[in-house]
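The values are calculated or read from the model by the stated rules, or taken from the named source; none is laboratory data. The structure presented is a predicted model; accordingly, all values stated were derived computationally and were not measured. In this analysis, Cβ positions are derived from the backbone assuming ideal geometry, glycine residues included, and neighbour counts consider all displayed protein chains. Quick note on the areas: whole protein, heavy atoms, side chains included, nothing else; ligands and nucleic acids left out. Shrake-Rupley method; radii C 1.70, N 1.55, O 1.52, S 1.80 Å.
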Amino acid sequence: AIDLNATTLDIDASGAVTVDGVGVSIDSAGVAANFTVATDGAAEDLTIGLTGATDSSIVISSTGTGADAINIDTTAGSIDIDSADNITVGAADDISLTTTSADGLISLVSAHTAGDAVHIDADANAGSIVNIDAGILDVDVTAAATIDAVGIALGAGSGELDLTTTGTMDINSNVLDIDVAEFMYVDCSHLRIQTDTDGAPSWIK
């Protein structure tokens, strides 16, 4: 064994420095520490790797109490995360996804072919709100779309509210109340109004 005890230990090398051991531990007590690679060309990467097909992990842990207890920051390039299996993110408080550029895009893409492909679960309480603010909201559904709620309010302000289908539009209600401030237009080839009290339908043609 070699044991070095020093107030300050400075190692300078003109070439590579290699440290091999059954176990390697670098600790810093009471002061900040850094491990920096000063590159002057492409592909001079800093690699932290774990080899061997075993149940082992790379663990990054922090007991810091600041908002940046773990800080990953890039000043020019991107952050690329690839996983062969699941990615799990858990937080005791907020999670924010934000883009600041004029063409910034946030995409949630799933290749799942059956069952829940994207699941937003926000019903921990009846007062829990899912709030969507959009300049333009475009929703495309290849199969059926189902909305179950105690009440549904569709408001278009002074704009147009348009419900369009090439098939049948079926409205089933215990009571249907339509309030029109001015004119009501119905364009169709035949209009039938039938009630349960008069028996026969009334035709307006």
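Each Cα pair under 8 Å and six or more residues apart adds its sequence gap; the mean of these over the residue count of the chain is a relative contact order of 4 percent. If you roll a 1.4 Å probe over the heavy atoms of the protein chains, what accessible area per residue do you get for the chain, in Å²? With all protein chains present, the chain gives 104 Å² per residue. Per-residue 3J(HN,Hα) values for the range 10-17, derived from phi via the Karplus relation 6.51 cos²θ - 1.76 cosθ + 1.60 with θ = phi - 60°, read 10, 10, 10, 9, 7, x, 6, 10 Hz in sequence order (x marks Gly and Pro).
Working from label points 7 Å from Cα in the Cα-to-Cβ sense, the Asp133 to Met184 distance is 3.6 nm.
When Thr165, Thr75 are compared by accessible surface with a 1.4 Å probe, the order from highest to lowest is Thr75, Thr165. The share of accessible area on the chain that comes from carbon and sulfur is 51 percent, using a 1.4 angstrom probe.
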